[in-house]
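Asker: Before I ask anything, let me first share the structure, which is written out below as structure tokens.
The values are calculated or read from the model by the stated rules, or taken from the named source; none is laboratory data. This is a predicted model, so every value here is computed, not measured. Cβ coordinates were reconstructed from backbone atoms using ideal geometry, including for glycine residues, and neighbour counts include every protein chain displayed. Accessible surface areas use protein heavy atoms only, side chains included; no ligands, DNA or RNA. Shrake-Rupley method; radii C 1.70, N 1.55, O 1.52, S 1.80 Å.
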Amino acid sequence: MIANIVSVSRVVLTFGVLFVFGKHPRVDIAVIPTIAFIIALDAVDGSIARHRNETSRLGEMLDTLADRVIENSFWIYFTVLGLLPVWMPVLVLACGFLSDALQGLHGYPSSGWRHALTRARLSRAVSGITKLLAFSSLAGAKVFRDAELETASLWLARLAVCVCLLRGVPFLFRDNNN
């Protein structure tokens, strides 16, 4: 139950961030660590559910839905602000839709390289960290109007897109164990 509250709270907080960002300089500075907090909380909800023995199909669905809404909102938002090219959110959204559809059809990979790229803690951590760094630095580039930070942010966003695509590749191959 608590893990589901965390998932839903992340979405609400994301919409709050998107609503207030750009309205006041002091608030904008506070938004930067808040974005990092929202992304970092993704590692918390599943851990809470497992620790409290509250895992469920609803919780898994809410977690995935929250992840997609949050990530896609940030990809689109920073594109609208002119900090990212349109191809980035289009590619990430397409990859997410395809991965989710294939995962729904075939299930998560259960072993081997496919599992390592999609479900292993290291893979999920790398994915989360690249998005956390990309989105936080994009917000920082906007707030501080720093060209070097904007360039670094674009490279971090490219890296996050590459990680997303790499993690989606295993879904193109059927797992013989399923």
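Asker: What is the extension gain from Thr55 to Leu98, computed as 0.36 nm multiplied by their sequence separation minus the C-alpha to C-alpha distance, in nm to one decimal?
Answerer: Working: separation 43, 0.36 × 43 = 15.48 nm, distance 2.48 nm.
In short, 13.0 nm is gained.
Asker: Rounded to the nearest 10 Å², what accessible area does Val44 show when all protein chains are kept and the probe is 1.4 Å?
Answerer: Taking all protein chains as shown, Val44 has close to 60 Å².
Asker: Apply the a/c threshold of 1.5 to the C-alpha gyration tensor of the stretch 24-86 and tell me whether it is rounded, prolate or oblate. Numbers along the way, then the final one.
Answerer: On the way: a/c = 4.06, a/b = 1.82, b/c = 2.23.
Judged from the Cα gyration tensor, the stretch 24-86 comes out oblate (a/c at least 1.5, b/c at or above a/b).
Asker: At a 1.4 Å probe radius, which order do Tyr108, Tyr77 fall into by accessible area, largest first? Present the calculation step by step, with values, prior to reporting the outcome.
Answerer: Numbers: Tyr108 70, Tyr77 45 Å².
Of Tyr108, Tyr77, the descending order of accessible area is Tyr108, Tyr77.
Asker: Picking from Asp146, Asp45, Asp63, which is most flexible by a Gaussian network model of the chain using Cα springs under 10 Å?
Answerer: Asp146
Asker: Could you tell me the accessible area of Trp87 in Å² (1.4 Å probe, neighbours in place), rounded to the nearest ten?
Answerer: Accessible surface of Trp87 is approximately 130 Å².
Asker: When the accessible area of the chain is computed with all protein chains present and a 1.4 Å probe, what percentage of it is carbon and sulfur? Display every interim value, and only then the final one.
Answerer: Numbers: 6790 of 9960 Å².
That fraction is 68 percent.
Asker: A further question on this structure: Please get the size of the charge dipole for the chain, origin at its Cα centre, with Cβ charges of +1 on Lys and Arg and -1 on Asp and Glu, quoted in debye to the nearest 20.
Answerer: On the way: 17 positive and 13 negative charges, 36 e Å.
Computed about the Cα centre, the dipole is about 180 debye.
Asker: Turning to a different aspect of this structure: Which FRET efficiency value, to the nearest 0.05, do you get for Lys23 and His106 by plugging their Cβ-Cβ distance into 1/(1 + (r/R0)^6) with R0 = 30 Å?
Answerer: On the way: r = 44 Å, r/R0 = 1.48.
Efficiency computed from Cβ-Cβ geometry: 0.10.
Asker: Something else now. Given the whole protein assembly as supplied and a 1.4 Å probe, what does the accessible area of Thr64 come to in Å², nearest 10?
Answerer: About 40 Å², ignoring ligands and nucleic acids.
Asker: By the scheme Lys and Arg +1, Asp and Glu -1, what is the net charge of all other residues having a beta-carbon under 13 Å from that of Pro85?
Answerer: Values: positive: Arg158; negative: Glu150.
Combined, the nearby Lys, Arg, Asp and Glu give 0.
Asker: When all alpha-carbon pairs of the stretch 69-178 are counted, what percent fall beyond 21 Å? Walk me through the intermediate numbers first.
Answerer: Numbers: 2293 of 5995 pairs.
Summing the P(r) tail past 21 Å for the stretch 69-178 gives 38 percent.
Asker: Sorting Met1, Met61 by accessible area (1.4 Å probe), largest first, what list results?
Answerer: Values: Met1 135, Met61 100 Å².
Result of the area sort, largest leading: Met1, Met61.
Asker: Right, next: Please work out how much length the chain gains when fully extended from Val44 to His115, using 0.36 nm per residue of separation minus the C-alpha to C-alpha distance, in nm with one decimal. Can you show the working numbers first?
Answerer: Working: separation 71, 0.36 × 71 = 25.56 nm, distance 2.06 nm.
That pair, Val44 and His115, stretches by 23.5 nm at full extension.
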